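I have placed the structure first, in the form of structure tokens, so that the comments after it can refer back to it.
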Amino acid sequence: MTETAFPGAAEAASSRARAEIDLAAVRANVRSLRAHAPGAALMAVVKADGYGHGAVPCARAALAAGATWLGTATPQEALALRAAGLTGRIMCWLWTPGGPWRQAIEADLDVAVGGMWALREAVAAAREAGTPARVQLKADTGLGRGGCQPADWPELVREARRAEDEGLLRITGLWSHFACADEPNHPSIAAQLTRFREMVAYAEERGARPEVRHIANSPAVLTVPDSHFDLVRTGVSLYGISPSPALGTPADFGLRPAMTLSASLALVKHVPGGHGVSYGHHYVTPGETTLGLVPLGYADGIPRHASGTAPVLVDGKWRTIAGRVAMDQFVVDLGGGEPPAGARAVLFGPGDDGEPTAEDWAQAAGTIAYEIVTRIGTRVPRVYVNQDVNEQLQG
Ligand SMILES: *Cc1c(COP(=O)(O)O)cnc(C)c1O
């Protein structure tokens with residue numbers, strides 16, 4: 001980690017660039033999301049290092065504001081949360097054969113099981129550990145990704161119930177995931193809900209007594225009240241990002257983006273007209289102008305597809321990336337403006353101070369805002385603001 005490489009390394013790193021994470025925004029987003037789904041418990045999804053925001057600080061902030069579950073993709077991510085001292089329910093869902101089932105059981109994690117191989121490994125680990133596994137059976141209600149197909153559900157339920165009767169596991173949850181919840185009124189939403197109710201009913205008729213039934217991700221929490229059941233799994237919205245511009249802006253849902261990505265200009269210089277800029281000379285100065293050098297590149301998660309298109313706020317104005325994004329840096333045309341070296345360039349943030357948002361970057365780079373924040377690399381230090389004393393003391 002650059003932070004511990006030499007004395008003063010953290011300050012030096014954040015003088016180049018920083019991702020400021022507003023934990024008050026995370027807490028406020030949890031409260032807004034709970035108001036959208038008042039009858040359900042809330043799982044804070046902190047996979048992929050909290051969508052790039054930092055899993056542990058965001059998990060603490062979410063729990064402080066009323067989340068009661070944490071969710072991750074991999075078991076390693078969930079075990080890391082336990083190692084950081086986070087207590088309470090933690091669920092992880094992306095398993096491969098030979099995964100750390102026993103460690104997961106001993107760390108009291110809820111583990112997703114979507115097929116027979118996973119059930120067998122969970123049961124074997126529970127036998128070795130001498131502790132029942134907390135198993136959440138995953139139904140593929142139409143996404144066509146993870147989870148158990150309806151045709152295979154009877155066998156999975158039967159074998160899980162048999163292991164439950166032997167005291168080797170507890171079926172703590174029945175759950176699924178949407179394919180198109182971010183497309184308003186997409187017909188698959190209602191079809192998946194119907195299928196989910198049928199698969200839940202089947203398991204319950206055969207004796208499953210899940211604590212939680214859940215299918216809703218952020219877009220479903222915000223726009224499909226029928227999908228809330230006992231628990232909602234919120235990821236991107238927790239960080240204040242709308243799941244899709246087609247659904248609304250963050251403000252429309254009472255959300256506030258938590259991440260502000262900024263850098264200090266490494267250089268400002270005068271150049272003549274007709275000067276090529278950055279690799280390949282895809283930008284040529286239209287006349288005499290000034291250029292600013294922004295010390296962030298694709299190694300930091302700045303999409304190369306943003307070359308020539310994405311906006312950056314410098315010296316009170318939106319500038320466009322001039323030419324290609326390189327590994328460590330890119331250039332903006334300052335149009336004759338002369339901010340000093342060290343002036344702040346804001347790539348994206350909540351948008352309140354005129355800066356672009358992650359959504360603006362997503363549109364410029366032809367992707368989704370989820371990817372813009374999640375791909376910010378480890379070379380960019382996260383700087384936490386509005387951290388509660390209580391969150392610091394926990395763990
Ligand atoms: C990532 C993920 C979520 C969270 O999705 P958002 O759209 O970010 O809220 C929920 N459930 C599962 C299974 C996931 O993989």
Can you tell me, using C-alpha contacts under 8 Å and at least 6 residues apart, the relative contact order of the chain as a whole percent? 19 percent
For L169, other-chain or 5+-apart residues with amide H closer than 5 Å (H placed, Pro excluded) are A133, E164
Label zone at A5, where the point sits 7 Å out along the Cα-to-Cβ direction: the stretch 282-302 residues whose backbone N lies under 16 Å: 295-301
Set the Förster distance to 56 Å, then compute FRET efficiency between T194 and D388 from the Cβ-Cβ distance, nearest 0.05. 0.85
Potential extension, A35-D352 segment - 0.36 nm per residue separation minus Cα distance: 111.8 nm
Along Cα→Cβ, 7 Å out, is where each label goes; now give me the distance between the ones at A73 and T367 in nm to one decimal. 1.2 nm
Considering only Q363, I302, F348, whose Cα is most displaced toward the positive end of the charge dipole of the stretch 297-395, charges sitting on Cβ of Lys, Arg (+1) and Asp, Glu (-1)? I302
At 10 °C and a viscosity of 1.306 mPa s, what translational diffusion coefficient does Stokes-Einstein give for the chain, taking Rh as the Kirkwood radius over Cα pairs? Give it in µm²/s as a whole number. 70 µm²/s
Quick one: among T320, T260, T357, which has the greatest mean-square fluctuation in a GNM of the chain with alpha-carbon springs under 10 angstrom? T320
Of the peptides 338-350, 236-248, how do they stack up when ordered by the mean number of other Cβ atoms within 10 Å, highest first? 236-248, 338-350
Find the relative contact order for the stretch 259-385 and round it to a whole percent, using C-alpha pairs within less than 8 Å whose residues are 6+ positions apart. 29 percent
Residue span T87 to R162: 0.36 nm per residue of separation minus Cα-Cα distance leaves a gain in nm of 24.1 nm
Out of the total accessible area of the chain (probe 1.4 Å, heavy atoms of protein only), what percent is carbon and sulfur? 52 percent
Can you tell me the length gained on complete extension of the stretch V271 to D252, counting 0.36 nm per residue apart and subtracting the Cα distance? 2.5 nm
Quick one: if you stick a label point 7 Å off each Cα along the C-beta vector at E204 and R127, how many nm between them? 3.2 nm
For V331, the residues 5 or more places away or on another chain with a placed amide H closer than 5 Å to its own amide H are V294, A322
Alpha-carbon centroid distance for the pair the stretch 77-96 / the stretch 152-208, whole angstrom: 22 Å
Using a 10 angstrom cutoff on alpha carbons, build the Gaussian network for the chain and name the most mobile of Q103, Q192, Q136. Q103
Counting heavy atoms of the protein chains only and a 1.4 Å probe, report the per residue accessible area for the stretch 37-237 as a whole number of Å². 38 Å²
Only helical DSSP H runs with n ≥ 4 go in: add -39500 (n - 2.57) per run for the chain, normalise by residue count and round the 222 nm mean residue ellipticity to 500 deg cm²/dmol. -9000 deg cm²/dmol
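The values are calculated or read from the model by the stated rules, or taken from the named source; none is laboratory data. What you are looking at is a predicted structure, and each value in this text was computed from that prediction instead of being measured. Note that each Cβ is placed from the backbone with ideal geometry, even for glycine, and that neighbours are counted across all protein chains shown. To get the accessible areas, we keep the full protein, side chains included, count just its heavy atoms, and leave off ligands, DNA and RNA. Shrake-Rupley method; radii C 1.70, N 1.55, O 1.52, S 1.80 Å.
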